[in-house]
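The structure appears right after this line, and notes come after that.
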Amino acid sequence: MNIINANLKFGKIGNRKKTRRIIVHHAAATSCDAATIHRWHKERGWAGAGYHFLVRKDGWIYSLRPIGALGAHASGNNSDSIGICFEGNFDKEKMYPAQVDAGRELVAYLKEKYRISKVQRHKDVGSTSCPGKNFPFSDIVVGNTAGSGATSTGPAVTDPDKTAGKLSVDGYWGKKTTLRLQQIFGTPADGIVSNQHRCYKSQNPGLDGGWDWKDAPAGASPLIKAIQKKVGATPDGHIGPKTIKAIQRWLDSTADGTFSAPSACIKKLQEWCNKQ
Ligand SMILES: [Zn+2]
């Protein structure tokens, strides 16, 4: 994949502190290049083009706003998202394969780069028809399931900005704690810790509802993997004494390798979530 720097000159823009998701748009214009979008957005009094990328109909990808900069593309949703604009008006037109393929490659590249899985349409987060009723979302956004059986595509997506709230610090790791962790780590957000070894259930009463205990799990949990990477444990996607000890050390809690009920370490984990 080749990304062309459109070399646009911007006014002052701050950096984006978090990257949790990608939001896709259309230009609502049949034909437009990077410079045109830049001019339109400047005319609105912005620092310049509000999107980070433009995918043109011929399949060329342009970088507009610097990738680490705060975007201006989805009101109330810019602080943790990357904005991609597709040339065209997909309320009226259909997208041709060159553009679909380029969009798919760009989305896959960004998901990998930022270790995120969440992609939304502008209309999933705001009152707009963008990116248009013919936008081929499922052709561009593939592989969102990350093996958990959950999907993070389409309007059913849970928007962390709307649902996050604060966790109650009760020392029990149930569905709400899992969902919040999934949102923070950018893994599919279904509130379930999938594919865990049943033998650790009774040892860890602090692990409450929503744990998918199996005698012989065939897969692993993307969330546990992400947490293991964060705390320096082997990222096998399964909870167990070693991972629990690593989490306890990371949170400066007594490292005994189990989660009691209520667990002081889970309380610290919930407090950590509430600060994110
Ligand atoms: Zn839009």
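The values are calculated or read from the model by the stated rules, or taken from the named source; none is laboratory data. These numbers come from a predicted model, not from an experiment. Cβ coordinates were reconstructed from backbone atoms using ideal geometry, including for glycine residues, and neighbour counts include every protein chain displayed. We work out accessible area using only protein heavy atoms, side chains counted, and drop any ligands, DNA or RNA first. Shrake-Rupley method; radii C 1.70, N 1.55, O 1.52, S 1.80 Å.
With a 1.4 Å probe and every protein chain kept in, tell me what percent of the accessible surface of the chain is carbon plus sulfur. C and S atoms contribute 49 percent here. Net charge dipole, the chain: roughly 640 debye, given to the nearest 20, about the Cα centre with Cβ charges of +1 for Lys and Arg and -1 for Asp and Glu.
Rg to Rh ratio, the chain, alpha-carbon atoms and Kirkwood radius? Could the numbers behind the result be given before it?
Working: Rg = 20.8 Å, Rh = 20.0 Å.
Reported Rg/Rh (Cα atoms, Kirkwood Rh): 1.04.
Which order do peptides 236-244, 83-91 fall in by mean Cβ count within 10 Å, highest first? Write down the numbers at each step before the final one.
On the way: 236-244: 19.3, 83-91: 23.6.
Result, highest mean first: 83-91, 236-244.
Our coupling estimate for region 88-104, obtained by passing each phi through the Karplus curve with A = 6.51, B = -1.76, C = 1.60 and θ = phi - 60°, is x, 10, 8, 7, 10, 9, 9, 8, 8, x, 4, 6, 4, 4, 5, x, 4 Hz, Gly and Pro reported as x.
So how strong a dipole does region 3-140 carry about its Cα centre when Lys and Arg Cβ are +1 and Asp and Glu Cβ are -1, to the nearest 20 debye? Write out the running numbers ahead of the final one.
Numbers: 23 positive and 12 negative charges, 120 e Å.
So the dipole magnitude of region 3-140 works out to roughly 580 debye.
Full extension of the segment from A255 to D58, taken as 0.36 nm per residue of separation minus the current Cα-Cα distance, would add 65.3 nm.
Computed from backbone phi, the HN-Hα couplings of region 215-220 come to 5, 9, x, 7, x, 9 Hz, rounded to whole numbers (Karplus: 6.51 cos²θ - 1.76 cosθ + 1.60, θ = phi - 60°; Gly and Pro given as x). Over the chain, accessible surface divided per residue gives 47 Å², non-protein components excluded, 1.4 Å probe. In the structure shown, the pairs K57/K123; K94/K275; K18/K245; K57/K229; K113/K175; K94/K175 are assessed against 32 Å; a Cα-Cα span above that value is assigned to K94/K275; K57/K229; K94/K175.
Ordering 35-42, 221-228, 67-74 by mean Cβ neighbour count within 10 Å, with the highest value first, yields 221-228, 67-74, 35-42. Taking 0.36 nm per residue of separation and subtracting the Cα-Cα distance, full extension of the segment from E112 to F10 would add 34.0 nm.
Quickly estimate the mean residue ellipticity at 222 nm for the chain, helices only: each DSSP H run with n ≥ 4 gives -39500 (n - 2.57), and the total goes over all residues, rounded to 500.
Numbers: 9 runs with 83 residues, N = 276.
It lands at -8500 deg cm²/dmol.
The aspartates and glutamates within cross-link reach of K118, meaning a Cα-to-Cα straight distance under 14 Å and a gap of 8 or more places when in the same chain, are D80, D159, D161, D190.
What relative contact order, as a whole-number percentage, does the chain give when Cα pairs under 8 Å and 6 or more residues apart are counted?
On the way: 577 pairs, mean separation 41.8, N = 276.
Reported as a whole number, the value is 15 percent.
With a 1.4 Å probe rolled over the protein heavy atoms of all chains, the accessible area of S253, S263 falls in the order S253, S263, largest first.
Taking every alpha-carbon pair under 8 Å whose residues sit at least 6 apart, region 3-140 reaches a relative contact order of 32 percent. Projecting the Cα positions of T258, F86, V142 onto the charge dipole of the chain (unit charges on Cβ atoms of Lys, Arg, Asp and Glu, taken about the Cα centre) puts T258 furthest along the positive direction. Could you calculate the contour length gain from D215 to H197, that is, 0.36 nm times the residue separation minus the distance between their Cα atoms, to one decimal place in nm? Taking 0.36 nm per residue and subtracting the Cα distance, the gain is 5.9 nm. Between H197 and K214, I239, the built amide H atoms are under 5 Å apart, and every one of these is 5 or more places off in sequence or on another chain. The modelled label-to-label distance for the pair N2/D236, using points 7 Å beyond Cα in the direction of Cβ, is 4.5 nm.
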